[in-house]
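Notes for the one structure printed next.
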Amino acid sequence: MDAIKSFIDAFADPRLFFSLAVGSLALVVWGHEAFASKRWGWGLMAFLVALFGFGLTDENFNLIITKPDNVPIVGLIFLLLFFTWYSVRQGVLNDRRIAAGKPPIEKDEEDRVWTWPDLVYTELIAIVICTIIIIVWSIALEAPLEQPANSANTPNPSKAPWYFLGLQEMLVYFDPWLAGVVLPTLIIVGLMAIPYIDKNPKGNGYYTFKERSVEITLFLFGFVVLWSSLIVLGTFLRGPNWNFFGPFEYWDIHKLEALTNVQLSEVIWVQLFAVALPDSWFIREIFGILLVIGYIAVLPVVLAKKGLTKYYEKLGPVRYYVTVLLFLSMLSLPVKMLARWLFNLKYIVSIPELFFNI
Amino acid sequence: MADTKTIAPKDPAFVRAWDWLTETQIWTSIFRHTAPINDRNRVLVMLSNVFLHLHPVRLRKSGVRLRYTWCMGGLSFFLFLQLTFTGLLLMFYYRPTLEYAYTDIVSLREHVPLGIMREMHRWGAHAMVITVWLHMFRVFMTGSYKPPREFNWNVGVIMLVLTLLLSFTGYLLPWDQLAIWAITVGSNMARAAPLIGNEGPLSSLMVLGDVGLVHQADDMRFVLLGGTFVGEGALLRFYVLHCVGFPLVIGFLMAVHFWRVRKDGGISGPL
Ligand code: HEM
């Protein structure tokens, strides 16, 4: 037992966690036909039950998942994975019908039924079950109340409410103005833009995977992998000083993580050119600035010519550029993560004079 | 010949009582028609009841299936009502001042036997965040944001943001360590807003002549907190937004949302 736990702890780190999340999504997308089977669905649930069941026998694991405000996230993990499986399954079932020349199941259920009783009773039952769950949950688990507020005593770690922990996790890779202001704004703008940039007329009003595979993959990547899995990481696996801790590891305040991050300007001027950093910040950071401009201004144009030409033609210039810019902003997080993991890179552009770091 | 009186079989007492009750003037003034056991009354019940009239009279079969909607939109709405109700009760006992906020919560814990209102409010709020996410997930997976429902998706996104803001502002109110530090971490972001945050990029360019315009005491974070740190001003601001401001806005948007679900052709289905 202990050997298994220390084995898991020894390998667990943000890189592994994130790669596993991305890898699982890739497998689901690639093997969606197989993933849609009931065996996979129940297998997934059984795996989660076993994982948490096993975890509950461990003191440290227990401590973190039974913290009152963390309990909903355990629920979220189950619900989210279940519904991911469930909706992919519904899509695959419809795809099979379509392949066999039949309409999607929702088309067969086009007849009208009476709201009373069909819908009203369903709602009533849902309300009753929901009420029971909330009441039982409320009786079983007391709402937390810690020591009175004390602005002189900072807890370590200090965490935002759980639904913002994905953003807090981004702080590891980006400065607050990006992680806390610009990227959240882009998330909202991006969500709002979805109906206007998705020109695919298919898959409106029924589950399907094949007819919308690209859209669904992108959404699952953003919602399940980036947003939700980083919440899980931030809640369960980030301890004092925002250090990473394995699920069975004790949250040791004195855990040290070597920080030898470098700036791109240092790599280029000092390591590559072997000269001192230029005094003017503009010259010092020029390579980083060019790189960023290249990423957000040149890359979309290049991709329109080669690589994404199909989409450029389908969407037209405005939709294409909005889509690609939103997509590249979403991708900037994994890009920055990789840069950090592979090259210890802290900032691509670093102008502390203007609080402007990327 | 002895008289044989035929006695009509009598209905059981409760049936008679029910018949009597439903014929009283009071009852018929409330319910304009009898129970929805025939088609005519199934129409009438939807048209004459203000709560039920949010619904259409009839809807496509796929739309009532749990398989299709997961009931997540409906549950989000129900949880919102549940939170409004439990929140109202909590407001009777909670005063948003540095002096009382924490102790009022302690009293709720210590002095109310079997009290679970605070729990129902807190866990209900967590649950609502989750149901709203799952609702959005379902709407995406059925492609229901596609024309003609683009606008309603957008109303939804704003309500999603408001749901998070409601939860975030509520998090501060118990005024314990958990609360102020979570809000401190969250609101520190505002300090870094480009141009309008005092540690935000380019804020040093916000000058009038040689007077800087953005300082710690007048930047975005200050607006949010009503102060330079999470203190009395922030508590009051968050309280007002949490109990009045955001609920009003989200309630208004829900009305728009439900109206548009109907106007956009009811629950989506294949064309
Ligand atoms: C405060 C939260 C919300 C409430 C109470 C709510 C409520 C509802 C309800 C009751 C429906 C009817 C169908 C169903 O139950 O699925 C619905 C449909 C819909 N909702 Fe929401 N919703 C909320 C948030 C959102 C969000 C965050 C989005 C998207 C980003 C969204 C987009 C839509 C759309 C597009 C429909 C039409 C779906 C269809 O016709 O199939 N809503 N909403």
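Laboratory data are not the source of any read-out in this text; all were calculated from the coordinates shown. No experiment lies behind these values; they were computed from the predicted model shown. All Cβ positions, even for glycine, are placed from backbone atoms using ideal geometry, and neighbour counts span all protein chains on display.
Brief remarks follow.
- C-alpha long axis of helix B:101-111 to longest principal axis of chain B, angle in °: 40 degrees
- Less than 5 angstrom separates the built amide H of B:SER144 from those of A:GLY205, all sequence-distant by 5 or more or on a different chain.
- Of the peptides A:195-204, A:122-131, the order by per-residue mean of other Cβ atoms within 10 Å, starting with the highest, comes out as A:195-204, A:122-131.
- The base-10 log of I(q)/I(0) for chain A, evaluated at q = 0.06, 0.08, 0.14, 0.15 Å⁻¹, reads -0.30, -0.54, -1.43, -1.52 [Debye formula, identical scatterers on Cα atoms, solvent excluded].
- Among A:TYR321, B:TYR145, A:TYR207, the order by Cβ neighbours within 10 angstrom, fewest to most, reads A:TYR321, B:TYR145, A:TYR207.
- For the stretch A:264-357, the number of Lys pairs separated by eight or more positions or lying on different chains, with C-alpha atoms closer than 28 Å, is 6.
- Gyration tensor (alpha-carbon) shape descriptor, the stretch B:68-263, a/c threshold 1.5: oblate
- For chain A, a Gaussian network of Cα nodes joined below 10 Å ranks A:LEU331, A:LEU277, A:LEU56 by mean-square fluctuation, and the top entry is A:LEU277.
- Principal axis box of the stretch B:17-121, alpha-carbon based, largest edge first, Å: 59, 41, 23
- Estimated from the Cβ-Cβ distance and a Förster radius of 41 angstrom, the FRET efficiency linking A:PHE273 and A:LYS306 is about 0.85.
- Per residue of A:152-160, other chain Cβ atoms within 10 Å of the residue Cβ number 4 on average.
- Take the Cα of B:ARG262, go 7 Å toward its beta carbon, and the backbone nitrogen atoms of the stretch B:28-63 under 16 Å from that spot belong to B:43-60.
- Across the stretch B:215-231, computed HN-Hα scalar couplings (Karplus, 6.51 cos²θ - 1.76 cosθ + 1.60, θ = phi - 60°) run 10, 4, 9, 8, 9, 4, 5, 4, 4, 5, 9, x, x, 8, 8, 6, x Hz from first to last residue, x flagging Gly and Pro.
- Helical runs assigned H by DSSP (4 residues or longer) give chain B a calculated mean residue ellipticity at 222 nm of -19000 deg cm²/dmol, each run adding -39500 (n - 2.57) before division by the residue total.
- For the stretch B:45-106 versus the stretch A:34-60, the gap between their alpha-carbon centres in whole angstrom: 32 Å
- In sequence order, calculated HN-Hα J values of the stretch B:178-193 (Karplus, 6.51, -1.76, 1.60; Hz; x Gly/Pro): 3, 5, 5, 6, 4, 6, 4, 4, x, 7, 4, 4, 4, 4, 9, 4
- With R₀ set to 35 Å, the beta-carbon distance separating B:GLU232 from A:GLU353 gives a calculated FRET efficiency near 0.50.
- Residue by residue along A:336-344, Cβ atoms of other protein chains within 10 Å of the local Cβ number 0 on average.
- Neighbours of A:GLU110, meaning other residues whose beta-carbon lies under 13 angstrom from its beta-carbon, give a summed charge of +2 when Lys and Arg score +1 and Asp and Glu score -1.
- Furthest towards positive pole of dipole, B:HIS126, B:LEU195, B:VAL214, structure part the stretch B:106-223, Cβ charges: B:HIS126
- Approximate spin-label separation A:THR260-B:ALA35, in nm, with each point projected 7 Å along Cα-to-Cβ: 7.9 nm
- Under a 5 Å amide H cut-off, with hydrogens placed 1.01 Å from N, A:ASN357 pairs with A:ILE351 among residues at least 5 apart or on other chains.
- Relative contact order for the stretch A:218-282: 14 percent, from Cα pairs under 8 Å spaced at least 6 residues apart, divided by residue count.
- Taking amide hydrogens as placed 1.01 Å from N in the peptide plane, the amide H of B:ASP176 sits under 5 Å from those of A:ALA149, each at least 5 positions away in sequence or on another chain.
- Ignoring lysines fewer than eight residues from A:LYS102 along the same chain, the ones with Cα atoms less than 20 angstrom from its Cα are A:LYS202, A:LYS210, B:LYS61.
- Helical content of chain A, expressed as a calculated mean residue ellipticity at 222 nm, amounts to -18000 deg cm²/dmol (DSSP H runs of 4 or more residues, -39,500 (n - 2.57) each, divided by residue number, nearest 500).
- Put simply, when A:29-41, A:109-121 are sorted by average Cβ atoms within 10 angstrom per residue, most first, you get A:109-121, A:29-41.
- Highest to lowest packing among B:27-38, A:82-93, scored as the average C-beta count within 10 Å: A:82-93, B:27-38
- Förster-model FRET efficiency, 45 Å R0, A:LYS67 and B:ASP11, C-beta, rounded to 0.05: 0.15
- Under the Karplus curve 6.51 cos²θ - 1.76 cosθ + 1.60, θ = phi - 60°, whole-Hz ³J(HN,Hα) for the stretch A:344-358, x wherever Gly or Pro sits: 6, 6, 8, 10, 7, 10, 10, 10, x, 4, 10, 6, 10, 10, 10
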